[in-house]
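The values are calculated or read from the model by the stated rules, or taken from the named source; none is laboratory data. Bear in mind the structure is a predicted one, so any value in this text is a computation, not a measurement. Positions of Cβ are backbone-derived with ideal geometry, glycine not excepted, and every protein chain shown enters the neighbour counts. For the accessible areas, the whole protein counts, side chains as well, though only heavy atoms, and no ligand, DNA or RNA atoms are used. Shrake-Rupley method; radii C 1.70, N 1.55, O 1.52, S 1.80 Å.
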Amino acid sequence: MRAARRTGLIAAALGLAVPAATASAEAAPRQAAPAAAEAVAVHARSATLTLNGPLTGGPETIDVTGRVAVAVVTRTDTGGGGVARIVSRPQNTTGVGRTTGRTYQFVGADENTVFWPPDPVSPLVVLPRFLRIVPPNPIVPPNPVQPVRVAVTLSGTGEITDISASVARPPAP
């Protein structure tokens, strides 16, 4: 099942590299294929990373433990630069409030799209949004929280050289 999920994610992400065709009354002029040096490249990589640390900035500090699965697909543009699609999903990620002792569970998934210029600004950093569930009420109304900082390091060709994640202070509203 894990292989099917990964294959489905990569197949869906490859949609970034396939241009959408649209019908037109006029025939579009044919263009020469890009030179080999300007060819569009697609790279994919995934990792499951450990999360441990305090989440601050809310009503109480929460000590977070667990993991986050991160899948990244990059597509370079013919003139340089490109786009990265970063999908993050916590796995068995919980937290304990230092003041109340309340247990928090972080669930959900988020997808971020990041564009980079011809000279990549690396790493690409995103703060994915997840839902916070607080027992005993199973679901607090959609309460997006951003407890994780995901960083993706790219080479000049858009190849993914590293993926990292850490518990991060959420941005101010």
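Summed over the stretch 80-104, residues that are over 21 Å from Ser164 (Cα atoms) and in contact with a Ser or Thr (Cβ under 9 Å, 6 or more places away or on another chain) total 6. Annotation note: of Gly108, Gly81, Gly101, Gly57, the sole residue that is open to solvent by 20 Å² or more (accessible area, probe 1.4 Å), in contact with a Pro (Cβ under 6 Å, 6 or more places away or on another chain) and of a type outside the set (Asp, Glu) is Gly57. Ser166 - would you say it is assigned to a loop (DSSP other than H, G, I, E, B), open to solvent by 10 Å² or more (accessible area, probe 1.4 Å), among the small types (Gly, Ala, Ser) and modelled with pLDDT under 95? No. For the stretch 95-125, the set of residues classified as within 30 Å of Thr74 (Cα to Cα) and hydrophobic (A, V, I, L, M, F, W, C) consists of Phe106, Val107, Ala109, Val114, Phe115, Trp116, Val121, Leu124, Val125, listed by residue number.
Every residue, every condition in (1) at pLDDT 90 or above; (2) not charged (D, E, K, R), yes or no:
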| position | (1), (2) |
| --- | --- |
| Arg132 | no, no |
| Pro142 | no, yes |
| Thr153 | yes, yes |
| Ile160 | yes, yes |
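Considered as a group, the residues in the stretch 60-78 that are assigned to a strand (DSSP E or B), more than 19 Å from Pro147 (Cβ to Cβ) and touching a helix residue (DSSP H, G or I) at 6+ places or on another chain (Cβ under 7 Å) include one that is most open to solvent (accessible area, probe 1.4 Å), and that residue is Arg75.
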